[in-house]
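Peer 1: Could you have a look at this structure, given as structure tokens, before my questions?
Bear in mind these aren't lab numbers, they're just calculated from the coordinates by the rules spelled out. Since the structure is predicted, the reported quantities are computational estimates derived from the model, not experimental observations. Cβ coordinates were reconstructed from backbone atoms using ideal geometry, including for glycine residues, and neighbour counts include every protein chain displayed.
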Amino acid sequence: MTTITLSSVSRTIPVQAADGATAEISLVLPEGAQYGLLWLPAMGVAARHYAPLAAHCAEQGIACAVHEWRGIGSSSLRAGRARDWGYGELLRDIGASFAAARAAAPGLIWLLGGHSLGGQLALLYVSQIRAPIDGLALIGSGTPYWRNFRWPQRWPLCAAFALAPLVAGAWGYYPGRRLGFGGNESRGVIRDWTRSARSGRYVITGQDMDADAALAEVRQPVLVLHARDDRLVPQAAIDHLLAKLPNASCEQIQLDDADFGTATVGHFGWMQAPQPVARAIAAWAVRRT
């Protein structure tokens with residue numbers, strides 16, 4: 001196990017997107033690292049909340065950079081009636097962060113990882129952008145398609161997926177902080193997210209590319225971690241996502257409260273004690289080489 005030294009203290013790297021939007025990513029770089037991991041947060045979650053994960057990845061000898069979504073945290077933008085964006089812009093932002101992380105830590109074997117929507121966008125990114133990424137590590141990621149949920153959840157979710165774009169249109173953005181789900185998201189992100197939730201297919205506004213057909217060409221190995229009590233991502237949602245990757249080698253690992261030493265884990269609880277996630281990613285990275 002690599003000990004975190006002064007050289008692996010988190011440092012901040014500025015990132016500028018193609019349209020001029022700016023943000024900061026944090027990078028923890030342990031001495032002797034062979035692997036780098038660019039981590040994509042869940043929808044509405046600022047990068048700073050994944051600092052414990054980055055630190056524990058460094059303990060395992062993996063450099064970890066945490067991406068910041070536009071509109072959140074250190075981003076120079078905030079969603080509003082005059083500022084809108086969708087999945088297309090988010091995918092381009094991932095490219096900018098990946099370039100910045102590689103420049104700051106050259107010579108590493110790079111992995112791309114993500115939590116929840118971050119994991120889905122990681123897959124969409126590698127399916128559409130040629131990038132030197134050797135594998136993907138996801139946790140709490142599955143398609144939000146309403147049919148993947150059990151009957152008691154289906155109808156409230158269907159209503160939410162129908163109402164969210166209407167609320168975002170009326171408000172100028174989706175006020176997730178007021179409503180208690182997600183962050184304050186742009187209309188375009190909510191539009192693209194709810195389309196996949198209603199149809200079971202990924203649609204990226206403004207792109208002619210068939211996103212699901214592109215996913216079928218992904219060939220990098222994929223690790224999928226899943227908390228047993230994560231009610232927001234049932235097993236059917238994971239299976240539906242992995243079915244879109246017929247040419248990728250996929251490995252699933254289920255985690256439960258015993259792994260974390262807590263009573264519940266759920267969709268977000270693992271972030272408070274991410275050692276098991278960091279260990280699983282590190283072991284998988286070595287195993288796949």
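Peer 1: Tell me the trypsin sites (Lys or Arg not before Pro) within the range 202-245 that lie in a loop according to DSSP and have at most 16 other beta-carbon atoms within 10 Å.
Peer 2: Arg219, Arg228, Arg231
Peer 1: What percent does the relative contact order of the range 1-121 come to when contacts are Cα pairs within less than 8 Å and at least six residues apart? Before the final figure, lay out the partial values.
Peer 2: Numbers: 247 pairs, mean separation 39.7, N = 121.
Contact order relative to length: 33 percent.
Peer 1: With the contact rule set at Cα under 8 Å and sequence spacing of 6 or more, what percent relative contact order holds for the range 135-254? Before the final figure, lay out the partial values.
Peer 2: Working: 171 pairs, mean separation 43.1, N = 120.
Relative contact order here is 36 percent.
Peer 1: Among Gln207, Cys158, Leu91, whose Cα projects farthest towards the positive end of the dipole of the chain, with charges put on the beta-carbon of Lys, Arg (+1) and Asp, Glu (-1)?
Peer 2: Farthest along the dipole direction, towards plus: Cys158.
Peer 1: Considering every pair of different Cα atoms, what Kirkwood radius, in Å, is found for the range 35-135?
Peer 2: Answer for the range 35-135: a Kirkwood hydrodynamic radius of 13.9 Å.
Peer 1: Can you give the calculated 222 nm mean residue ellipticity of the chain, where each DSSP H run of n ≥ 4 adds -39,500 (n - 2.57) and the sum is split over every residue, rounded to the nearest 500 deg cm²/dmol?
Peer 2: The per-residue figure over the chain is -11000 deg cm²/dmol.
Peer 1: Rank by packing, highest mean first: peptides 169-176, 248-255, with packing defined as the count of other Cβ atoms within 10 Å averaged across residues.
Peer 2: Numbers: 169-176: 17.4, 248-255: 15.8.
Highest mean packing first, the order is 169-176, 248-255.
Peer 1: Could you grab the Rg to Rh ratio for the chain? Cα atoms only, Kirkwood for Rh.
Peer 2: Checking Rg against Rh, the ratio lands at 0.94.
Peer 1: Using bins 5 angstrom wide from zero, how does P(r) for the range 137-289 break down, in % of all Cα pairs?
Peer 2: Per 5 Å bin, starting at 0, the Cα pair percentages come out as 2, 9, 15, 17, 19, 18, 13, 6, 2, 0, 0.
Peer 1: If I build a Gaussian network model for the chain, linking alpha-carbon pairs within less than 10 angstrom, which residue out of Leu117, Leu157, Leu223 has the largest mean-square fluctuation?
Peer 2: Evaluated over the chain, the most mobile residue of the options is Leu157.
Peer 1: Right, something else. Sort out for me the Cα centre separation of the range 191-205 from the range 129-165, rounded to whole Å.
Peer 2: Their Cα centres are 9 Å away from one another.
Peer 1: Name the residue, out of Ala104, Ala168, Ala47, whose mean-square fluctuation peaks in a Gaussian network model built on the chain with Cα pairs under 10 Å.
Peer 2: Top of the fluctuation ranking is Ala104.
Peer 1: Still on this structure: For the chain, can you list the cysteines whose C-beta has no other cysteine C-beta under 4.7 Å from it?
Peer 2: Cys158, Cys250
Peer 1: Where does the range 22-74 land on the Kirkwood hydrodynamic radius, alpha-carbon pairs, in angstrom?
Peer 2: 11.1
Peer 1: From the backbone phi of the range 166-176, what are the Karplus-calculated ³J(HN,Hα) couplings (6.51 cos²θ - 1.76 cosθ + 1.60, θ = phi - 60°) in whole Hz, Gly and Pro given as x?
Peer 2: 5, 4, 4, x, 6, 7, x, 6, 8, x, x
Peer 1: Also, quick follow-up: Within the range 81-120, name every residue whose backbone N is under 19 Å away from a label modeled 7 Å from Cα of Arg201 along the Cβ vector.
Peer 2: Within reach of a label on Arg201: 87-88.
Peer 1: Next up: Quote the charge dipole size of the chain about the Cα centre in Debye, to the nearest 20; the model charges only the Cβ of Lys and Arg (+1) and of Asp and Glu (-1).
Peer 2: 640
Peer 1: Dimensions of the range 78-157 along principal axes (Cα, Å, largest first)?
Peer 2: Computed over the range 78-157, the largest-to-smallest principal extents equal 49, 35, 18 Å.
Peer 1: No solvent, one uniform scatterer per C-alpha: report log10 I(q)/I(0) for the range 69-220 via the Debye equation at q = 0.09, 0.16 1/Å, two decimals.
Peer 2: For the range 69-220, the Cα-only Debye profile gives -0.31, -0.96.
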